[in-house]
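Shown next, in structure tokens, is the structure this report addresses.
Please treat every number below as a calculation from the coordinates, not as lab data. Here the structure is a predicted model, which is why all the values come from computation and not from measurement. Don't worry about glycine lacking a Cβ; one is built from the backbone with ideal geometry, like all the others, and counts go over all protein chains shown.
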Amino acid sequence: MYKAIVSTCIVLIIILSLVLYKNLTIPEVVYGERKMSEIQEQTSKEISLIEDEKLNKITLNEMISRYSRPESAVEYLFAISMLEDVNLFPDAFTVEQFSQDVSLIDEPDKDKIVLDLMKTLTQNGDLDKIIIDNTMWTTDKNSVRLLVDLYYKKKKAPVRVNIKVKKVEMLNSENGNILSSYFYIDSSVKEIVTRINKEI
């Protein structure tokens, strides 16, 4: 009897420790619906401000705040895909993940690869909205998995994809202090595309 009580207590302590660890390490995510037209418009404005060198301190701080949230990586991925911006698409991903994905595709024209990926993600611009529904725990404290429902205009039911995002810290080269941190997609874009193609 005593051994059973001790075993039960140990199991409860382990479970509570895991729950506490999860709650302390998973970054805060803003759940809910995002209309692609709104995200696309906001992303276009930000790109224009950067290209025209018209960023002021307030706008820059707003962008830093926005892109330091986990869900921003997903928003950016689909907005850039809707805009079909071949040059900015790789910026949505961690360098390692994107390099790995593209190197596995046997096509010499990398721009064509990227354009095909974007068209598949948005189903040729048919993506109407995304809903960030839930998070899943990962063993990496800098990563979180987001469950995202993709709603296409021509499809009644959403396509659910599981997208891992990872926080990457930008360090000051002089003193090693963290300047800022942003989230990037750390899932294989090929796996996301495969999931979409399977459901469409």
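Between Phe93 and Ile185, the built amide H atoms are under 5 Å apart, and every one of these is 5 or more places off in sequence or on another chain. Expressed per residue, the C-alpha convex hull volume of region 52-93 stands at 79 Å³. Students often forget the sequence filter, so: which lysines lie under 25 Å Cα-Cα from Lys110 once same-chain residues fewer than 8 apart are removed? Within reach: Lys119, Lys164, Lys166, Lys190, Lys198.
With N as its number of residues, region 29-199 has a Cα radius of gyration that, divided by 2.2 N^0.38 Å, comes to 1.03. Bridgeable aspartates and glutamates around Lys141 (alpha carbons under 19 Å apart, same-chain partners fewer than 8 residues away excluded): Glu28, Glu71, Glu96, Glu169, Asp186.
I'd like the chymotrypsin sites (Phe, Trp or Tyr not before Pro) in region 87-150 restricted to DSSP loop residues with at most 15 other Cβ atoms within 10 Å, sorted by number.
On the way: sites: Phe93, Phe98, Trp137; in loops: Trp137.
Here the chymotrypsin sites (Phe, Trp or Tyr not before Pro) that fit, given the DSSP loop and packing criteria, are Trp137.
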